[in-house]
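Here the structure comes first, spelled out in structure tokens, and everything after it is commentary.
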Amino acid sequence: MSRAWTLSRFGPKTVLCVMAAEPEYGPALKARIQPLITGVGPVEAAAAVSHVLADLLARGSLPDMVVSLGSAGSRTLDHARVYRVSHVSYRDMDVSVLGFPRGETPYPRLPAVLPLADGPASLPAARLATGGSVVSGAAYDAVDADMVDMETFAVVRAAARFGVPVLGLRGVSDGRTDLSALEHWTDALAEVDQRLAEALDLLHDHFTPVATEPA
């Protein structure tokens, strides 16, 4: 979390853009945003976002929204296409041996699936599952979602403490074949970067009021 970040504007809205790792932050995104880079995984994401939002609250400048964006894995969705996250779950949470439904956080009593903020209708929506591990191959069999990542659920929970809604954007970087090397993820990131930048342009248009001609 050492690299500088700034709040972005999408029409009238101030937005904190959040990403996990520098390799996801390519030239197309660099031309549009200066995000908070949290580090990989739910712990790093929750810690970084909580810290920044607490600082912004103290300064009286909380953003209108957090946009969590980056790559995701999926065995079924289109490769390199960007999806808006409609709902997110925490796939590591399992207290079922004590009688709680799998995925539900028992204390506090949180539902297993949380909704995210709406966005441009032209972006297809998909369900996301967050966890602290990379999913590959047969591990997708245990995931009840369209795609997987390692941060969004944590970002949503951190932002909720401050009453800030979260919109999620994820570009599919892997999942068709088993992952066995870092480049199986990084090779797709240049295209995902471009598609995410295009999605941010749509988001800007979505939140920008349409000017009307005077009567």
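The values are calculated or read from the model by the stated rules, or taken from the named source; none is laboratory data. Just so we're clear, the structure is a prediction, and the values are computed from it rather than from any experiment. Don't worry about glycine lacking a Cβ; one is built from the backbone with ideal geometry, like all the others, and counts go over all protein chains shown. For accessibility, only protein heavy atoms count, side chains too; no ligands or nucleic acids. Shrake-Rupley method; radii C 1.70, N 1.55, O 1.52, S 1.80 Å.
About its Cα centre, what dipole magnitude does the chain give when the only charges are +1 on Lys and Arg Cβ and -1 on Asp and Glu Cβ, stated in debye to the nearest 20? Walk me through the numbers on the way to the answer.
On the way: 18 positive and 25 negative charges, 121 e Å.
So the dipole magnitude of the chain works out to roughly 580 debye.
Using a 1.4 Å probe over the heavy atoms of the protein chains, calculate the carbon and sulfur portion of the accessible area of segment 1-155 as a whole percent. Don't jump to the answer; show the numbers that get you there.
Values: 3890 of 6930 Å².
C and S atoms contribute 56 percent here.
Across segment 22-142, C-alpha contacts under 8 Å between residues 6 or more apart give a mean separation that, scaled by the residue count, equals a relative contact order of 24 percent. The length gained on full extension between THR6 and ALA121, counted as 0.36 nm times the residue separation minus their Cα-Cα distance, comes to 38.7 nm.
Measuring nothing but how far apart in sequence close Cα pairs (under 8 Å, 6+ apart) lie, relative to its length, the chain scores a relative contact order of 29 percent.
Note on MET150: accessible area is roughly 40 Å² with a 1.4 Å probe, heavy atoms of protein only. Comparing ALA31, ALA129, ALA154 along the charge dipole axis of the chain, the residue lying farthest to the positive side is ALA154, per the Cβ-charge model.
Do you know the relative contact order of segment 91-215, to the nearest whole percent, from alpha carbon pairs under 8 angstrom that are 6+ apart? Before the final figure, lay out the partial values.
Values: 121 pairs, mean separation 24.6, N = 125.
In percent, rounded to a whole number, it is 20.
What are the equivalent ellipsoid semi-axes of the chain, built from the alpha-carbon gyration tensor (square roots of five times its eigenvalues), in whole angstrom, biggest first?
Over the Cα atoms of the chain, the ellipsoid semi-axes are 27, 22, 17 Å.
Ligands, DNA and RNA are left out, and with a 1.4 angstrom probe the accessible area of segment 1-140 is 46 Å² per residue. Pairwise Cα separations in segment 123-215 fall into 10 Å bins from 0 onward with the following percentages, short to long: 13, 35, 33, 13, 4, 2, 0.
Longest segment of the chain with no trypsin sites (Lys or Arg not before Pro) in a DSSP loop having at most 11 other Cβ atoms within 10 Å?
Longest site-free region, per DSSP loop and neighbour criteria: 110-215.
Per-residue ellipticity at 222 nm, computed for the chain from helices alone with -39500 (n - 2.57) per DSSP H run of at least four residues, works out to -7500 deg cm²/dmol.
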